[in-house]
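One structure is given here, and the rest of the page talks about it.
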């Protein structure tokens, strides 16, 4: 019995910041990730990616992995802050590598690029969550030397989020007029009339 021969062809891996023109690709990769995690696959459309990832106030930084010129995965980063450590960091919202590109260094390269991108924001850490059943991902993360913590994630969504937000709006303090300490006068629109 002969062993299968490994190809000596070097694969070309590129990790780059995503651009608006990647919206269709990002949406397709996100659908694959959602399907893999048994979550809804119809919410993150290319139009939503354009609006939320590349609009006036981008919600995330996105990195794209390309292996031999083909999309191989993506990662999203959102700034975070850990008050107990007094440190800036980034939350890794999505980390996805296509099935065809797994075990080829793409995940590690995406995480390394995410860490580098986060460091440009002054971040000193990345944090993320993973599904309890995704033991392959857990093993991969452990090889990186991650610190694991028993955490229970909580999400307030949809109508329950809206109800709590409405409740909070009624509790917000009214805006007070400020006094200009240099002149002892009130500032604001009424004060200027």
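With respect to (1) at pLDDT 95 or above; (2) in a helix (DSSP H, G or I), the lone exception for residue 167 is condition (1).
Table: residues versus (1) out of contact with any helix residue (DSSP H, G or I) (no Cβ under 7 Å at 6 or more places or on another chain); (2) surrounded by 10 or more Cβ atoms within 10 Å (Cβ to Cβ); (3) more than 24 Å from residue 61 (Cα to Cα).
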site: 106; (1), (2), (3): yes, yes, no
site: 119; (1), (2), (3): yes, yes, no
site: 140; (1), (2), (3): no, yes, no
site: 151; (1), (2), (3): yes, no, yes
site: 167; (1), (2), (3): yes, no, yes
site: 172; (1), (2), (3): yes, no, yes
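The values are calculated or read from the model by the stated rules, or taken from the named source; none is laboratory data. Values in this document were obtained by computation on a predicted structure and should not be read as measured data. A quick note on method: Cβ atoms are made from the backbone with ideal geometry, for glycine too, and the neighbour counts reach across all protein chains shown.
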